[in-house]
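Just so you know, all these numbers are worked out from the coordinates, no wet-lab data involved. On a predicted model such as this, the values are computed, not experimentally measured, just so you know. Heads up, the Cβs are rebuilt from the backbone with ideal geometry, glycines too, and the neighbour counts pull from every protein chain shown.
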Amino acid sequence: MSRGALALVGSGEYLEAMAGLEASLLVGRPPRYVQIATAAVPDGPRVVAKWWRLGGEQARRLGVTAVTIDIASRDDANNPEVVEQIRGAGLIYLSGGKPDFLATTLRATLAATVIEEEWHGGAALAGCSAGAMVMAPTVPHIRRLGESETLGLNWTPHLRVIPHFDYFIGSDDTKVMDVLHSRDDAVVACGVDEMTALVHRDQEWRVAGEGCATLVIDGVIQRFSDGELIPLPRLN
């Protein structure tokens, strides 16, 4: 099988308003919705439990089985019994929280290897907020841009996203230009608004959701909305 779809989401994982997106990622795939809330671990067990609850509610709306993977440490991420539960997924979703913690916990682990294998084998893969940020080569600090960055998972080697873009950055063109200015000519930065996603299928990127995706192309700010093709690097 060819690699499954990829969704990089600005915010809104497991919410009813995003159910259509999540359903589309599961079309033609096993009804097994694997949910990984590792990014929420630093916020405590109640927050992790909240994500599990929301994920379970979304899975019931979609008529599929929610599979919560409890990865709170690198030991968990290298535990074959834990990681084996990822296999056979129709959709694997990395939800939001602390991107540095998520990247450090998953990078170069058995869990990361199996997620990538399942994705390349046809499962859809999605990441929201922190989950989207860690797929890039490095993870920027939204609130402290310019500081040293954490190594990411490098699943989108030529693309990184800034989630919650409308919330954190707004429409100030000077700020937009500064945030999306390329610090690496080989990597494109794209702002993704809340309740919005970049979706990669069939070697094309499209925007899905209520907001916009923002790029700087040849020094000009361009915004793309629901259903529009967006010129981002293809995944090889």
Exercise for the section: Could you pull the Cα extents of region 2-101 along its three principal axes, largest to smallest, in whole Å? Expected result: 33, 28, 22
Practice task
Among Gly56, Ser73, Pro42, pick out the residue whose Cα is farthest towards the positive end of the charge dipole of region 36-87, where Lys and Arg carry +1 and Asp and Glu carry -1 on C-beta, about the Cα centre.
Solution key: Gly56
Fill in the blank from the handout: Taking only Cα atoms of region 47-106, the Rg to Rh ratio with Kirkwood Rh works out at 0.96
Practice task
Would you mind getting me the FRET efficiency between Glu84 and Ala186? Use the beta-carbon distance for r and R0 = 45 Å, nearest 0.05.
Solution key: 0.80
Handout entry: Net dipole in debye of the chain [+1 Lys, Arg Cβ; -1 Asp, Glu Cβ; about Cα centre; nearest 20]
Key = 420 debye
Problem - Gain in span if fully extended, Asn236 to Ala19, counting 0.36 nm per residue against the direct Cα distance - result: 75.3 nm
Problem - Glu117-Asp172 pseudo-label distance in nm [points 7 Å out on the Cα-to-Cβ vector] - result: 4.7 nm
Fill in the blank from the handout: Env charge @ Gly211, Cβ radius under 10 Å, K,R +1 / D,E -1, value -4
Practice task
Inverting the mean 1/r over all pairs of different Cα atoms, compute the Kirkwood radius of the chain and quote it in Å.
Solution key: 17.5 Å
